[in-house]
Amino acid sequence: MSKLRLAIIGAGAIGRAHTDLALRHPDWTVSAIADPSEEAASFATSRNLAWFGNYEEMFDAVPLDAAIIATPNDTHLEIGLACIARGIAMLVEKPIASTVEEAQALTSAADKAGIPLMVGHHRRHNPLLRKACDLINEGRLGRPVSATVMANFLKPDSYFEAAWRRLPGGGPILINLIHEIDLMRFLFGEIDRLQALRSNAARGFEVEDTAAVLIQFRNGALGTITLSDSATAPWSWDLTSGESPSYPRQDVNTHFFMGTDASLTLPRLELWRYRDSKGWHEPLTQERCAPHDGNPYMEQLRHFRSVIEGIEAPRSSGQDATRSLEATLAVQHAAQTSQSVALAV
Ligand SMILES: NC(=O)c1ccc[n+]([C@@H]2O[C@H](COP(=O)([O-])OP(=O)(O)OC[C@H]3O[C@@H](n4cnc5c(N)ncnc54)[C@H](O)[C@@H]3O)[C@@H](O)[C@H]2O)c1
């Protein structure tokens with residue numbers, strides 16, 4: 001099977017990780033990097049890759065099948081439209097864009113032109129989440145009742161040296177929460193309405209350091225998320241899922257999905273249910289479902305090729321990612337206004 005030709009646009013933290021994974025991936029050859037920064041140029045040299053300071057120049061010079069757009073959020077629309085104009089399939093990092101309007105513009109331009117578009121909600125490619133999704137879709141939980149998600153971690157003080165991270169928009173609601181919202185939508189379906197509170201009491205910056213969210217799903221289930229970047233705690237996906245070796249792994253559950261027939265924990269994939277008679281006086285049994293290893297970013301690259309070849313539908317389409325963005329922005333709005341926010345149908 002011949003390899004597809006991939007460009008990395010934006011070789012910052014995640015763009016460099018994508019490059020190194022794609023260099024090892026059997027489906028891809030990395031044809032070039034486009035990023036104006038000096039660090040990106042020297043990274044390209046270190047990997048023996050062609051480098052361009054401008055992505056249009058790269059498009060003129062290098063034949064490509066696909067691009068990963070790993071630039072700041074407010075550039076995703078412009079670069080995505082440039083890929084569409086050149087007929088290049090794209091994996092756009094999350095969030096798909098900065099606003100719902102931009103996200104819709106990109107999605108509909110890609111649809112109209114028939115250009116494959118996927119969004120980098122990488123957790124959807126994690127075998128743990130895929131197993132959880134299968135169990136829920138098979139009806140093993142019965143009717144979804146409630147979900148509790150914990151996203152509590154301690155960002156080191158050095159993280160806040162960049163001034164924008166201390167200002168509104170630079171906090172965990174817009175940076176981290178979208179992953180939890182997308183995960184909850186992936187497992188429990190569309191969100192109808194939400195409420196939120198936020199606090200900056202721990203760090204005292206202008207931006208929030210902590211938030212609590214209440215969610216009403218369309219299927220009638222309710223959910224909660226607690227989120228903090230100022231908590232000394234093991235209870236967050238990054239610290240427990242083993243997705244990235246840069247976080248020492250903790251063996252505790254952080255995500256809990258409850259149904260009328262059973263409940264499921266993540267990342268340990270424990271299924272709790274009654275063996276015979278049901279009711280709180282009866283013994284509950286716990287069964288650990290077979291989690292298997294697998295790098296979600298590598299699986300995302302495999303899936304990306306399959307989407308381009310029309311074999312699989314995107315696990316995170318433009319439309320889907322737009323809804324996760326909309327819900328995340330709604331949390332920000334709900335926290336600002338102390339109002340409950342209904343999402344578009
Ligand atoms: N899925 C994930 O796990 C994950 C993790 C981190 C970041 N992200 C997302 O990836 C994107 C990038 O985040 P990051 O942390 O790597 O940021 P970063 O600041 O480390 O890197 C961004 C890079 O884009 C380059 N850039 C800026 N404008 C450009 C342009 N017009 N053309 C080409 N290059 C340009 C910058 O020079 C920089 O090197 C964001 O959308 C972020 O939300 C996703």
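Overview of values
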read-out: Net charge of neighbours whose Cβ lies under 9 Å from the Cβ of F153, counting Lys and Arg as +1 and Asp and Glu as -1; value: -1
read-out: Tensor-based shape of the range 1-64 (alpha-carbon gyration tensor, a/c under 1.5 rounded, otherwise prolate or oblate); value: oblate
read-out: Debye log10 I(q)/I(0) at q = 0.07, 0.08, 0.14, 0.15 Å⁻¹ for the chain, Cα point scatterers; value: -0.31, -0.40, -1.22, -1.37
read-out: Extension gain from E282 to R249, taking 0.36 nm per residue of separation minus the Cα-Cα distance; value: 8.5 nm
read-out: FRET efficiency, D111 to L23 (Cβ-Cβ, R0 35 Å, nearest 0.05); value: 0.70
read-out: Pairwise label distance in nanometres, E161 with S146, each label 7 Å out on the Cα-Cβ vector; value: 4.3
read-out: Mean separation of Cα contacts under 8 Å, 6 or more apart, over the residue count of the range 4-115: relative contact order %; value: 25
read-out: Full-extension gain in nm, D192 to E138, via 0.36 nm per residue minus C-alpha separation; value: 17.1 nm
read-out: Within the chain, helix-based [θ] at 222 nm, where runs of 4 or more DSSP H residues each add -39,500 (n - 2.57), nearest 500; value: -10000 deg cm²/dmol
read-out: Test item: Cα-centred dipole of the range 4-115, Lys/Arg +1 and Asp/Glu -1 on Cβ, debye; value: 380
read-out: Contact order normalised by residue count of the chain, Cα under 8 Å, 6+ apart, percent; value: 19
read-out: For the chain, size of Cβ-based charge dipole, Lys and Arg +1, Asp and Glu -1, in debye; value: 840
read-out: Span from the the range 63-92 Cα centroid across to the the range 119-158 one, whole angstrom; value: 28
read-out: Selected from N73, Q104, H25, residue furthest toward positive end of dipole (the range 4-115; charges at beta carbon); value: H25
read-out: Taking the range 195-314 and dividing mean pair separation by its residue count, relative contact order in percent (alpha carbons under 8 Å, at least six apart); value: 11
read-out: D74 paired with A344, simple spin-label distance in nm, labels 7 Å along Cα-to-beta-carbon; value: 2.2
read-out: Relative packing of peptides 159-168, 191-200, 297-306 - highest average C-beta neighbours within 10 Å first; value: 297-306, 191-200, 159-168
read-out: Efficiency of FRET from Cβ geometry, K3 and A313, R₀ 25 Å, rounded to 0.05; value: 0.65
read-out: Pairwise FRET efficiency - L214 versus A290, Cβ, R0 = 41 Å, nearest 0.05; value: 0.80
read-out: Furthest towards positive pole of dipole, A82, S199, A221, structure part the chain, Cβ charges; value: A221
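Values in this text are rule-based calculations from the coordinates and carry no lab data. This one's a predicted model, so the numbers in the text were calculated from it and none came from an experiment. Cβ sites come from the backbone with ideal geometry, for glycine too, and all protein chains shown count toward neighbours.
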